[in-house]
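Enquirer: One structure, as structure tokens, below. Some questions next.
The values are calculated or read from the model by the stated rules, or taken from the named source; none is laboratory data. Every value quoted in this text rests on a predicted model; they were computed, and no experiment measured them. Every residue, glycine among them, receives a Cβ derived from its backbone with ideal geometry; neighbour counts consider all protein chains shown. All accessible areas refer to the heavy atoms of the entire protein, side chains included, with ligands and DNA or RNA removed. Shrake-Rupley method; radii C 1.70, N 1.55, O 1.52, S 1.80 Å.
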Amino acid sequence: MSATIIDGFAVAASVRSRVASAVANLKAAGTQPCLAVVLVGDDPASVSYVAGKEKALAEVGMADRSYRLPVTASEKELLDLIAALNADASVHGILVQLPLPRHIDEARVILAIDPSKDVDGFHPISVGNLVIDRPGFLPCTPHGVLVLLREAGIATNGAHAVIVGRSNIVGKPLALLLARKDCNATVTICHTGTRDLASITRQADILIAAVGKPRVITADMIKPGAAVIDVGVNRVEDSTAKKGFRLVGDVDFVPACEVASYITPVPRGVGPMTIAMLMHNTLLASERAAEAR
Ligand code: GUN
């Protein structure tokens, strides 16, 4: 058997194209959607993610307000910038790229963002809305995973979804989304404390790898015919690559293809969906702001 490879790049392009048409309508009605992207320091992976976000903003016709703070910037400088962006009616969404330098308290920074501009869905108000099924901003990567499953025609109703990883950004919110009535999956969350991980992952109809370690999900951990979603983006050294590294997922891709029914590649799987759903959230924030005027 060889798995069907889910083309996240193509699905993301169709989401961006839908967002672009809505942006054109909003602009015609007098609102220019705008996202402020804040990057502190110059971590190479973060620089690359932010560049991807800025490219997508241009493509969908949104204004891009970029802020680059040096790695030495104080927490107060960042909080002051967020306060100014909260007060600026021409800014509809605020994204602070994570991780932040260690001397800055990430939780305090997230808490400072106006929940109506929280397009990452990381603010406790957004998280709370997700938990109790109220409308709000869904976090981009988990939402992107749901869209990929839907577009690939993978049924979640009654399925056993096993998520490996319990991060605030992916594992926890994705578990909540998949357990909602509209997905109706039975969800298991595995983590570093899980005993006999493979015996649990082998029960998954839908296996989601969100560990952040290269190729730790091996083919023997996958039930034959399962759908495998790889959220990991790991840089591994590769002297033959132009940049000296290449990107691999959390799943050992080639052998996994022989066992799974569906699988997402890395790159061009979940990654582009994160950015596409960020465009979707920024559109929502802009539409809500336009309605409130
Ligand atoms: N770092 C890794 N993923 C994300 C994300 O989705 N949003 C932000 N702001 N930072 C990240």
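Enquirer: If I go through the stretch 34-74 residue by residue, how many of them are farther than 22 Å from Arg268 by Cα and not in a strand (DSSP E or B)?
Expert: Number of matching residues: 9.
Enquirer: Then there's this: I'd like to verify a number: residues in the stretch 99-113 that are touching a residue at least 24 places away in the same chain (Cβ under 8 Å) and open to solvent by 30 Å² or more (accessible area, probe 1.4 Å), how many?
Expert: Qualifying residue count for the region: 5.
Enquirer: Could you identify the single residue in Ser90, Ser116 that is open to solvent by 50 Å² or more (accessible area, probe 1.4 Å), away from the ligand (no atom under 16 Å from the Cβ) and part of a helix (DSSP H, G or I)?
Expert: Ser116
Enquirer: Given the condition open to solvent by 70 Å² or more (accessible area, probe 1.4 Å) and assigned to a strand (DSSP E or B), answer yes or no: does some residue in the stretch 166-173 qualify?
Expert: No, there is no match, as no residue in the stretch 166-173 is open to solvent by 70 Å² or more (accessible area, probe 1.4 Å) and assigned to a strand (DSSP E or B).
Enquirer: Across the stretch 94-107, what is the number of residues that are away from the ligand (no atom under 11 Å from the Cβ) and farther than 13 Å from Glu77 by Cβ?
Expert: Result for the stretch 94-107: 3.
Enquirer: Being surrounded by fewer than 16 Cβ atoms within 10 Å (Cβ to Cβ) and part of a helix (DSSP H, G or I) is the filter here; which residues of the stretch 196-218 pass it?
Expert: Passing the criteria: Ala198, Ser199.
Enquirer: I would also like to ask the following. Just to be sure I understand, how many residues within the stretch 240-266 are within 16 Å of the ligand (Cβ to nearest atom) and under 26 Å from Pro224 (Cβ atoms)?
Expert: 3
Enquirer: Among residues belonging to the stretch 267-289 that are open to solvent by 30 Å² or more (accessible area, probe 1.4 Å) and not β-branched (Val, Ile, Thr), point out the one that is nearest to the ligand (Cβ to nearest atom).
Expert: Gly271
Enquirer: Going residue by residue through the stretch 43-51, is there one that turns out to be of a type outside the set (A, V, I, L, M), modelled with pLDDT of 95 or more and more than 20 Å from the chain's Cα centre (by Cα)?
Expert: No.
Enquirer: Out of the residues in the stretch 128-148 that are among the β-branched types (Val, Ile, Thr) and within 14 Å of the ligand (Cβ to nearest atom), which is surrounded by the most Cβ atoms within 10 Å (Cβ to Cβ)?
Expert: Ranking the candidates gives Val145 first.
Enquirer: Can you tell me which residues in the stretch 241-265 are surrounded by 24 or more Cβ atoms within 10 Å (Cβ to Cβ) and within 29 Å of Ala22 (Cβ to Cβ)?
Expert: Thr264, the sole residue that qualifies.
Enquirer: Conditions first: (1) in contact (Cβ under 8 Å) with a residue 24 or more places away in the chain; (2) within 13 Å of the ligand (Cβ to nearest atom); (3) open to solvent by 10 Å² or more (accessible area, probe 1.4 Å); (4) of a type outside the set (A, V, I, L, M). Ser46 passes all but one, so which condition is the exception?
Expert: (3)
For (1) in contact with a Gly (Cβ under 7 Å, 6 or more places away or on another chain); (2) part of a loop (DSSP other than H, G, I, E, B); (3) free of Cβ contacts under 8 Å to residues at least 24 places away in the same chain, each residue gets a yes or a no:
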position	(1), (2), (3)
Gly232	yes, yes, no
Thr240	no, yes, yes
Pro255	no, no, no
Thr274	yes, no, no
Leu284	no, no, no
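Enquirer: Looking at (1) touching a helix residue (DSSP H, G or I) at 6+ places or on another chain (Cβ under 9 Å); (2) within 16 Å of the ligand (Cβ to nearest atom); (3) in a loop (DSSP other than H, G, I, E, B), which is the only condition Ile154 fails?
Expert: Checking Ile154 against (1) touching a helix residue (DSSP H, G or I) at 6+ places or on another chain (Cβ under 9 Å); (2) within 16 Å of the ligand (Cβ to nearest atom); (3) in a loop (DSSP other than H, G, I, E, B), the one that fails is (2).
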